[in-house]
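No value in this document is a laboratory result; all are computed from the given coordinates. None of these values were measured; they are calculated from a predicted model. Because the Cβ atoms are built from the backbone with ideal geometry, glycine has one as well, and the counts that use them run over all protein chains shown.
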Amino acid sequence: MQRNIQLLAFATMFVTTTSLVNAADLTKAYDMPDASKMIEKDLLAKPTKFTMPKGCVKDDAASIARGEFIFHNLNGKKAKGTPPEGLVKFVEKKGKDGKVKKKAKQYGNCVACHNIEGAKGGGNIGPDLTNYKKTFIDSKVRDNAFVFQKIADPRIDNPKTHMTVNLTTKLFTEQEICDLASYVVSDKSKK
Ligand code: HEC
């Protein structure tokens, strides 16, 4: 009899403990961020075809100067030389605390991948853009609209491109892409 009571007590204890452990909601024990939401945030918007606005690419010294500056620099803080007139140097961004802060504008740093006239340490991941006007525009291999789209969203031309996506991501405004395109296709042979 004594032994039976002992067994019963033991069995009750066992059942209670196991059900307690099982009942505990382990999902609350540690952080489980919604992975699908995180991926969504990091994914690029799908390749987008843009229409080049009227008067976008032009033989205008001010536009070309802005394009040149964006092409050769990484951001507004570290930018070398005097930024040309009309160039955006700072952007306003909402921080984690909800406060709007001024941040140095991120420029193109296109020289990281491309060589071009006057490039310092031009990269070779992308094609050399030296003599672009003569080689590609005057020969009609490319046109301004191609250059605009290439900079805006290079994935339309090459879905597997390693080039940065600039307009779809809103890294640059349409005007900045026009300035960059104006610079790329400009005649730099007389400089
Ligand atoms: C991470 C490297 C990388 C960066 C940064 C980059 N590009 Fe490119 N670019 C490429 C590659 C690679 C190609 C070749 C085509 C392709 O794969 O998309 C290319 C192609 C181009 C072309 C087309 C050349 C042709 O075939 O006529 C232009 C114009 C161009 N880039 C301009 C720019 C400009 C302007 C910037 C800066 C906003 C820039 N690229 C930044 C890698 C880069």
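Could you give the length gained by full extension between Asp60 and Gln106, i.e. 0.36 nm per residue of separation minus their alpha carbon distance, to one decimal place?
That pair, Asp60 and Gln106, stretches by 14.3 nm at full extension.
What FRET efficiency comes out for the pair Asp143/Thr82, r = Cβ-Cβ distance, R0 = 35 Å, nearest 0.05? For R0 = 35 Å, the calculated efficiency reads 0.60.
Cβ-to-Cβ counts within 10 Å put Val91, Val165, Val147 in ascending order as Val91, Val165, Val147, the fewest first. Placing unit charges on the Cβ atoms only, positive for Lys and Arg and negative for Asp and Glu, gives segment 44-185 a dipole magnitude near 800 debye about its Cα centre.
Packing-based ranking of 68-80, 129-141 yields 68-80, 129-141, ordered from highest to lowest mean Cβ neighbour count within 10 Å.
Placing unit charges on the Cβ atoms of the charged side chains and taking the dipole of segment 38-191 about its Cα centre, the candidate lying farthest along the positive direction among Thr173, Cys56, Phe148 is Thr173.
The convex hull drawn around the Cα atoms of segment 44-185, when projected onto a plane and averaged over every direction, covers 9.3 nm². Going by neighbour counts of Cβ atoms within 10 Å, the residues Glu176, Glu92 line up, fewest first, as Glu92, Glu176.
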